[in-house]
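Worksheet for the structure shown next.
The values are calculated or read from the model by the stated rules, or taken from the named source; none is laboratory data. Treat the numbers as computed from the prediction; the structure is a model and nothing was measured. A quick note on method: Cβ atoms are made from the backbone with ideal geometry, for glycine too, and the neighbour counts reach across all protein chains shown. Keep in mind that these areas ignore ligands, DNA and RNA; they rest on the heavy atoms of the full protein, side chains included. Shrake-Rupley method; radii C 1.70, N 1.55, O 1.52, S 1.80 Å.
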Amino acid sequence: SDAICSFVICNDSSLRSQPIIFNPDFFVEKLRHEKPEVFTELIVSNITRLIDLPGAELAQLMGEEDPKLPGANSTASGFFRSLMSLKRKEKGVVFGSPLTEEGIAQVSQLIEYLHKNLRAEGLFRVPGNSIRQQILKDALNSGTDIDLDSGEFHSNDVATLLKMFLGELPEPLLTHKHFHAHLKIADLTLFDEKGNKTSTPDKERQIEALQLLFLILPAPNRSLLKLLLDLLYQTAKKQDKNKMSAHNLALMFAPHILWPRNVTANDLQENITKLNNGVTFMIKHSQKLFKAPAYIRECARLHYLGSRAHTSKDDLDLLTSPGSKELQPLKSQKRSRLDTCHQEETQQRTEEALKELFRHVHNMPDSAKKKKLIRQFNKHSTALTPGSDVPMSPAPRRTRSRSFSGLIKRKVLGTPVNLERKNRDATPEPERVSKENVHLLQKCGSPAHVSQAKLKSLEGRKEESCRRMRAHLLSKDSSSL
């Protein structure tokens, strides 16, 4: 069974101060183990977002159809193809049998030994002694423990036997149904400013696609692949001693872990370079490929913790443990940051896709189809049109002042309709109005009192102005006389 991860809640006070080791992919592994159909649908939907898989290739990836591989329908059977098929008929407990945990345990002895002998020049390229290799192969098939450090075997013997084990598997380590997906991942390249493909690989998308594809590998295949790529990565780091770069190692291992079984170089033709470059990329970035993307971890976590019905007993114990209340704000902040980052990432990808589509339509020759597409772009909001400025949101309509002083002026002075409309569009000064209202309320005590006091003050001002006008007219008349 696929071992996930186990939580042990310890009540021993002496061990509570020890750091808690938590697997960030715990819920991912839990979802894959408990609900494989939901997990596969989640992963495949994100794979198809990155690479274009037609219906037949998608069905092969899902395991709904048998994979159609190069050379499968060829009537010509070369010497290499017949020789490999004869070798696989001689099945042993480890060699030539389907991959199992027992087989991985036996082969891991070879990998551990090679980790300690990476400085041998020409490692994995120089063949070892065939007699010693046969003795070692028989010992592994019988399940006996082998003392590789005794000096009886050479590192080239062990390296050649590891390649032999991978080559005699019934199907490649990366499986037949994933073959077409790896070809599409190798074609992921960057786009230029005009929206045309370039020859520069899009490394970020390739890493993300391989992370997703490795998640749906069978558990034994994924475990052995991780051990193997770690070994090849460490080997390439010491290429100044062993003269084996990542590309040289890919040439040695691509036929064993990626090429379909019983095919020749002629069957693959131009795809050989693409497959070798793909394995080279896996070796160089092996330390990133076995981590689930952040959005997959978040989806798996929300699948279990998003509702109380899916919360397990271990989760309840963790949530009710001492100090969990202090962690709640941190958890909510982390969740909000993840949601925000995911939304920003999705929005950025959408904008980039729209920009690429817009450039493609713009570079099309003038035709009725181009005009129709441009009209469809124009129908949408300008916010979705690539390269356009973000439209400013319409300014909110300014509301008419509702202060007591405004109401009194309109009622007493008979403000014309035009002035009232202008006042309606004018920007009010909330602070001054509110201060005036507060001052009037503190002075008069009630709205009715406010209106009466204002009326009296306005009438007094009017009478005073009339009195001054009469005095001015009388003084003019007296001077003229």
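Tell me whether the range 191-261 comes out rounded, prolate or oblate; compute the Cα gyration tensor, take square roots of the eigenvalues as a ≥ b ≥ c, and use a/c under 1.5 as the rounded threshold.
oblate
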Could you tell me what percent of the accessible area of the range 92-170 is made up of carbon and sulfur, with a 1.4 Å probe and every protein chain present? 51
Enter the mean projected area of the convex hull around the alpha-carbon atoms of the range 242-285, in nm², rounded to one decimal. 3.2
Amide proton proximity set for Leu190, modelled H, under 5 Å, gap of 5+: Thr198, Thr200, Asp202
In nm, to one decimal, how far is the modelled label at Ala353 from the one at Arg467, with both set 7 Å along Cα→Cβ? 8.1
Could I get the Rg over Rh figure for the range 92-170? Both from C-alpha atoms, Rh via Kirkwood, rounded to two places. 0.93
In debye, nearest 20: dipole of the range 92-170 around its Cα centre with unit charges on the Cβ of K, R (+) and D, E (-)? 360
Relative contact order (percent, whole number), the range 171-241, Cα cutoff 8 Å, 6+ residue spacing: 26
Tell me which of Ala139, Phe165, Gly103 sits at the most positive position along the dipole axis of the range 92-170, charges placed on C-beta atoms (Lys, Arg +1; Asp, Glu -1). Phe165
The range 182-200 to the range 218-252: how many Å between their Cα centroids? 26
Kindly flag which residue pairs out of Lys177/Lys288; Lys274/Lys371; Lys177/Lys241 have an alpha-carbon separation exceeding 30 Å in this structure. Lys274/Lys371; Lys177/Lys241
Amide H contacts of Gly128 (H built 1.01 Å from N, under 5 Å, at least 5 apart or other chain): Thr160
